[in-house]
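Asks: Can you read through this structure? Questions will come right after.
The values are calculated or read from the model by the stated rules, or taken from the named source; none is laboratory data. Just so you know, these numbers come straight off a predicted model, no measurement behind them. Using ideal geometry, Cβ is built from the backbone for each residue, glycine included, and neighbour counts are taken over all protein chains shown.
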Amino acid sequence: MNSPHQHCEVAVIGGGAIGLAVAWRAAQRGMSVVVLERDEVGMGASHVAAGMLAAVGEADPGERGLLELALESAARWPSFAEELAEACGIDPGYRRCGTLRVARDRDEAEALEHEADRRRELGLAVRRLRPSEARAREPALAPTIRQALELPDDHAVDPRLLCATLARAADAAGAQLRERAGVARVLARGERVSGVELADGSLLDCEKVVVAAGCWSGVDGLVPVGAELPVRPVKGQILRLRDPLGPGLLRGVVRVDHAYLVARGDGRYVLGATVEDRGFDTTVTAGGAWELIRDVAEAVPGVLELELEEMTAGLRPGTPDNAPFVGAGVLEGLVWATGHYRNGILLCPVTAELVAAELAGEAGAGIAAAFSPTRFATVGAGALT
Ligand SMILES: Cc1cc2nc3c(=O)[nH]c(=O)nc-3n(C[C@H](O)[C@H](O)[C@H](O)COP(=O)(O)OP(=O)(O)OC[C@H]3O[C@@H](n4cnc5c(N)ncnc54)[C@H](O)[C@@H]3O)c2cc1C
């Protein structure tokens, strides 16, 4: 990694998938960029995430704008992954594997019918499968499953590989990655950003600051009073499993009502995830493991034979309307790339493009307007302190 310097054009707070992707795209445009990460890059929520790219599976008809953003990002994923691999010589683990949504009983089958109709009305790709058809695609499914939906456009990526490749690509494009460089606060002169103060008291002057600090983006004192946004942590417990016999149990992603199993394609699986409002707590619990394993084992009994390698909890960056903050806020020079909640990995490509365009002073693309941070701003810039 390059050595730090005391002035740059753009300081990015947070070296998760979002901050790294923004830094990569901004550096590619010729900006001088410094990523300030208080820990190690890629060790926040992005380290814990399953990596489903579930634009269709996570679609909520009540959130049309978010669906549009998710589909836009999903469409960019193949070229994003290819470009990343070329930039740093490592495969980011993108797999075009598709997803099966499975019903375990009659109630779930009815709910799945409604879901299929709603998604079809939105023009999304879904296919209803009989149990035998679903089992032909994924033979490890239990003979007792009642119905399945195929979501052929919902794929997956390995978020840990993604962060490693993004860090290398950003570094290769000229961005500086500074680890153990926590930001204490964003500094402003008048009504515009002037730099950041680090936790060790040192200062970095810059013209623009991108807040990509995940669920910590809303902590008191990080940005000047009046410029804050409501971002809160939403805990998720998740398990990492391994098949000692190698790959073969599952080909892609299987989802049940509140849980999912993602195949990495090499005998490793990710089983997730709880959704809990518990502040910044990241403890893992027996109850969390039990619920997840119970739910998935009813659909894929073979999961019980897998070795448990890791159980972790991560903190999703949640917002009041479940949509991210992407773009400029009320303080000039302060740009937000946060609040991606359950879909930060999916939304990486589109967020990075939109934020890099904003940093370059390009007029906001139409799709960005719905995610403007000013939708929750409490004061105008004149009232900032
Ligand atoms: C269990 C679980 C499963 C998930 N599964 C999926 C999935 O399948 N698909 C999907 O798309 N999304 C998924 N997500 C959501 C996804 O993980 C997040 O939306 C995404 O990782 C957010 O990325 P980020 O870069 O904004 O945040 P993070 O990865 O949390 O990165 C933020 C970084 O900022 C740093 N930081 C914070 N404050 C400061 C500061 N003051 N100074 C310097 N650095 C700071 C932190 O140390 C951290 O490294 C999942 C999340 C969880 C918890």
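Asks: Among the candidates Glu68, Glu83, Glu37, Glu58, which residue alone is farther than 14 Å from Thr165 by Cα, more than 11 Å from the ligand (Cβ to nearest atom) and in contact with a helix residue (DSSP H, G or I) (Cβ under 9 Å, 6 or more places away or on another chain)? Before you say what the answer is, go through the steps one by one.
Replies: Details: Glu83 fails: farther than 14 Å from Thr165 by Cα; Glu37 fails: more than 11 Å from the ligand (Cβ to nearest atom); Glu58 fails: more than 11 Å from the ligand (Cβ to nearest atom).
It is Glu68.
Asks: Residues that are within 11 Å of the ligand (Cβ to nearest atom), outside the structural domain of Ala188 (by TED's automatic domain parsing) and crowded, with 21+ Cβ neighbours inside 10 Å: which strands (runs of 3 or more DSSP E) entirely in the stretch 198-256 hold 1 or more of them?
Replies: In the stretch 198-256, the matching strands (runs of 3 or more DSSP E) lie at 232-242, 253-255.
Asks: Kindly provide the set of residues from the stretch 162-202 that are over 22 Å from the mean Cα position of the chain (by Cα) and either among the β-branched types (Val, Ile, Thr) or under 22 Å from Ala49 (Cβ atoms) (or both), ordered by number.
Replies: Scanning the stretch 162-202 gives Val186, Val193, Val196.
Asks: Within the stretch 95-142, can you find the residues that are of a type in the set (A, V, I, L, M) and part of a helix (DSSP H, G or I)? Explain how you work it out, then say what you get.
Replies: Narrowing the stretch 95-142 to residues of a type in the set (A, V, I, L, M): 100, 102-103, 109, 111-112, 116, 122, 124-126, 129, 134, 136, 140-142.
Across the stretch 95-142, the qualifying residues are Ala109, Ala111, Leu112, Ala116, Ala134, Ala136.
Asks: Take the conditions within 15 Å of the ligand (Cβ to nearest atom), of a type outside the set (A, V, I, L, M, F, W, C) and either assigned to a helix (DSSP H, G or I) or under 22 Å from Gly42 (Cβ atoms) (or both) and apply them to Gly302. Does it pass?
Replies: On the way: within 15 Å of the ligand (Cβ to nearest atom): no; of a type outside the set (A, V, I, L, M, F, W, C): yes; either assigned to a helix (DSSP H, G or I) or under 22 Å from Gly42 (Cβ atoms) (or both): yes.
It is false that Gly302 is within 15 Å of the ligand (Cβ to nearest atom), of a type outside the set (A, V, I, L, M, F, W, C) and either assigned to a helix (DSSP H, G or I) or under 22 Å from Gly42 (Cβ atoms) (or both).
Asks: Could I ask something else about it? Tally time: how many residues in the stretch 145-197 are in the same structural domain as Met43 (by TED's automatic domain parsing), of a type in the set (S, T, N, Q) and surrounded by 20 or more Cβ atoms within 10 Å (Cβ to Cβ)?
Replies: Qualifying residue count for the region: 2.
Asks: Another question, if that's okay. So Asp153 clears everything in (1) under 23 Å from the mean Cα position of the chain (by Cα); (2) at pLDDT 95 or above; (3) within 16 Å of the ligand (Cβ to nearest atom) except one condition, right? Which one?
Replies: (2)
Asks: Hey, can you tell me all the residues within the stretch 312-348 that are in a helix (DSSP H, G or I) and away from the ligand (no atom under 11 Å from the Cβ)?
Replies: First, the residues of the stretch 312-348 that are in a helix (DSSP H, G or I): 341-343, 348.
Correct list: empty.
Asks: Please work out which one of (1) more than 11 Å from the ligand (Cβ to nearest atom); (2) outside any strand (DSSP E or B); (3) not aromatic (Phe, Trp, Tyr) is the condition Leu261 fails and give its number.
Replies: That leaves (2) as the condition not met.
Asks: Run Thr274 past the list (1) touching a helix residue (DSSP H, G or I) at 6+ places or on another chain (Cβ under 8 Å); (2) touching a residue at least 60 places away in the same chain (Cβ under 8 Å); (3) not in a strand (DSSP E or B) and report the number of the one that doesn't hold.
Replies: Only one criterion in (1) touching a helix residue (DSSP H, G or I) at 6+ places or on another chain (Cβ under 8 Å); (2) touching a residue at least 60 places away in the same chain (Cβ under 8 Å); (3) not in a strand (DSSP E or B) is unmet by Thr274, namely (2).
Asks: Scanning for something over 20 Å from the mean Cα position of the chain (by Cα), hydroxyl-bearing (Ser, Thr, Tyr), surrounded by fewer than 20 Cβ atoms within 10 Å (Cβ to Cβ) and not in a loop (DSSP other than H, G, I, E, B), does the stretch 67-86 turn up at least one residue? Steps first, please.
Replies: Here is the first cut: in the stretch 67-86, the ones over 20 Å from the mean Cα position of the chain (by Cα) are 86.
Then drop every residue that is not hydroxyl-bearing (Ser, Thr, Tyr), which leaves none.
No: zero hits.
Asks: When the stretch 170-190 is examined, which residues are found to be in contact (Cβ under 8 Å) with a residue 60 or more places away in the chain and either within 15 Å of the ligand (Cβ to nearest atom) or under 25 Å from Gly218 (Cα atoms) (or both)?
Replies: As a first pass, look at the stretch 170-190 and keep what is in contact (Cβ under 8 Å) with a residue 60 or more places away in the chain: 170-183, 186, 188.
Once the filter is applied, which keeps residues that are in contact (Cβ under 8 Å) with a residue 60 or more places away in the chain and either within 15 Å of the ligand (Cβ to nearest atom) or under 25 Å from Gly218 (Cα atoms) (or both), the stretch 170-190 yields Ala170, Ala175, Gln176, Leu177, Arg178, Glu179, Arg180, Ala181, Gly182, Val183, Val186, Ala188.
Asks: Consider the stretch 303-329. How many of its residues are over 23 Å from the mean Cα position of the chain (by Cα), surrounded by fewer than 16 Cβ atoms within 10 Å (Cβ to Cβ) and either under 29 Å from Glu207 (Cα atoms) or not acidic (Asp, Glu) (or both)? So that I can check it myself, show each step before the final result.
Replies: So in the stretch 303-329, the residues over 23 Å from the mean Cα position of the chain (by Cα) come out as 303-308.
The next check asks that each one be surrounded by fewer than 16 Cβ atoms within 10 Å (Cβ to Cβ); those that pass are 304-305, 307-308.
Next, from what is left, pick out any that are either under 29 Å from Glu207 (Cα atoms) or not acidic (Asp, Glu) (or both): 304, 308.
Residues that pass the stated criteria total 2.
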